[in-house]
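The numbers here are math on the coordinates, done by the rules we state, and not lab data. Since this is a predicted model, take the numbers as computed values, not measurements. Glycine also receives a Cβ, built like all others from the backbone with ideal geometry; neighbour counts cover every protein chain displayed.
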Amino acid sequence: MNMPSGQNDPNANPCIRNCCLDQQDICLGCFRHLDEILAWRAMSDVERQACFARMAQRKAESQAKRSGVNRTLDSE
């Protein structure tokens with residue numbers, strides 16, 4: 001799965017400059033929660049790696065949801 005640059009470098013900011021928050025305050029560009037975006041600079045390397053894992057999970061869930069919606073629309 002392609003993640004924003006920096007997944008292997010915990011000091012790199014994962015922002016891809018496609019910022020738009022959904023109803024749960026998740027960025028649709030990098031898949032971080034607003035609280036994670038605001039706390040990024042203060043996070044330890046371990047916290048950032050955990051954040052990258054959550055981002056990957058959110059991205060996978062988002063893609064699965066969109067795929068399900070597309071399949072439903074295609075079958076109608």
How much net charge surrounds MET55 when only other residues with a Cβ under 9 Å from its Cβ are counted (Lys, Arg +1; Asp, Glu -1)?
+3
The stretch 15-76: spread of alpha-carbon positions along the three principal axes, whole Å, largest first, is 48, 20, 18
List the residues whose amide H sits under 5 Å from the amide H of CYS30, counting only those 5 or more places along or on another chain, with H placed 1.01 Å from N in the peptide plane.
ILE16
If we count every other residue with Cβ under 15 angstrom of PRO14's Cβ, Lys/Arg +1 and Asp/Glu -1, where does the sum land?
+2
Karplus (6.51, -1.76, 1.60) ³J(HN,Hα), θ = phi - 60°, over the stretch 45-57, in Hz, Gly and Pro reported as x:
4, 5, 5, 5, 5, 5, 5, 4, 5, 5, 4, 5, 5
